[in-house]
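Read the structure below first, then the notes.
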Amino acid sequence: MPEPAPLACPFQKRFPSQLVRDDAFYMSLAYNQAIDAWREDEVPIGAVIVFGGEVIGSAHNRVETSRDPTSHAEMLAITQAASKIGDWRLEGATVYVTKEPCPMCSGAMVMSRVKRVCYSVPDPKMGCLGGAADLNLLERSNHRFEVTRGGVLEDECRELLQAFFRAKRQEPDAS
């Protein structure tokens, strides 16, 4: 039986001005990655990593496509960023992600020593930067980073996620 076609994404990409490269600008790029995820029938989460004003990593979830549970947007973007700068230490880098990172991704951010994480939508069930737990506050950890929790394109990113899961619940059963 052929795979069902991905759900059509009703959301449009954002085209932020290149003149102001602030949190909203970079989160817009992450949001665009999330739209790409939806178009591939992946959970619409996107991540962008910035160092010195330059994007050094950008990705969206690819768990279903790759059949790899570690293919979260943040993990893929971290791998790209480390490759781009030639070092696993991402000191000085900021991660922009459309939803609060899970335990795996939060841990990878601690381990890669990012400077800052900015996420849009808090996740009280699985988020590990203040939602369900906060890995950034582990007492014995040798690294901590700044966190911007919610606010930056939060409504847009939440609406995208909620619409995706609403549409998934309305899909006819494949069985």
Suppose the filter is at pLDDT 95 or above, over 27 Å from Arg166 (Cβ atoms) and either touching a helix residue (DSSP H, G or I) at 6+ places or on another chain (Cβ under 7 Å) or among the aromatic types (Phe, Trp, Tyr) (or both); does Ile56 pass it? yes
Considering residues that are aromatic (Phe, Trp, Tyr) and touching a Phe, Trp or Tyr at 6+ places or on another chain (Cβ under 8 Å), the number found within the range 136-175 is 1
Could you tell me which of the residues Ser141, Ser106 is open to solvent by 20 Å² or more (accessible area, probe 1.4 Å), of a type in the set (Ser, Thr, Tyr) and farther than 17 Å from Phe51 by Cβ? Ser141
Being open to solvent by 70 Å² or more (accessible area, probe 1.4 Å), at pLDDT 95 or above and among the acidic types (Asp, Glu) narrows Glu64, Glu42 down to just Glu64
Selection over the range 125-134 where residues are in contact with a Gly (Cβ under 8 Å, 6 or more places away or on another chain) and crowded, with 21+ Cβ neighbours inside 10 Å yields a count of 1
Return the pairs, sorted by first residue and then second, in which the second residue is in a loop (DSSP other than H, G, I, E, B) and of a type in the set (Gly, Ala, Ser), the first residue lies in the range 126-151 and is free of Cβ contacts under 8 Å to residues at least 40 places away in the same chain, the beta carbons are less than 7 Å apart, and the residues are 6+ apart or on different chains. Met126/Ala132; Val147/Gly130
Restricting attention to the range 109-124, and to residues there that are more than 20 Å from Gly151 (Cβ to Cβ) and of a type outside the set (A, V, I, L, M, F, W, C), which single residue is least open to solvent (accessible area, probe 1.4 Å)? Ser112
Would you pick out the residues in the range 81-114 that are in contact with an Asp or Glu (Cβ under 9 Å, 6 or more places away or on another chain) and aliphatic (A, V, I, L, M)? Val95, Val97, Met104, Ala108, Met109, Val114
Given the residues Gln12, Gln18, which is the only one that is more than 20 Å from Leu161 (Cβ to Cβ) and not hydrophobic (A, V, I, L, M, F, W, C)? Gln18
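Conditions tested, residue by residue: (1) surrounded by 15 or more Cβ atoms within 10 Å (Cβ to Cβ); (2) out of contact with any His (no Cβ under 6 Å at 6 or more places or on another chain); (3) without any contact (Cβ under 8 Å) to a residue 60 or more places away in the chain; (4) closer than 18 Å to Glu154 by Cα.
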| position | (1), (2), (3), (4) |
| --- | --- |
| Phe11 | yes, yes, no, yes |
| Ala30 | yes, yes, no, yes |
| Ala37 | yes, no, yes, yes |
| Val48 | yes, yes, yes, yes |
| Glu74 | yes, yes, yes, yes |
| Gly86 | no, yes, yes, no |
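The values are calculated or read from the model by the stated rules, or taken from the named source; none is laboratory data. Keep in mind the model is a prediction, meaning the values are calculated, not measured. Glycine also receives a Cβ, built like all others from the backbone with ideal geometry; neighbour counts cover every protein chain displayed. Just so you know, the surface numbers come from the protein's heavy atoms only, side chains and all, with ligands and any DNA or RNA stripped out. Shrake-Rupley method; radii C 1.70, N 1.55, O 1.52, S 1.80 Å.
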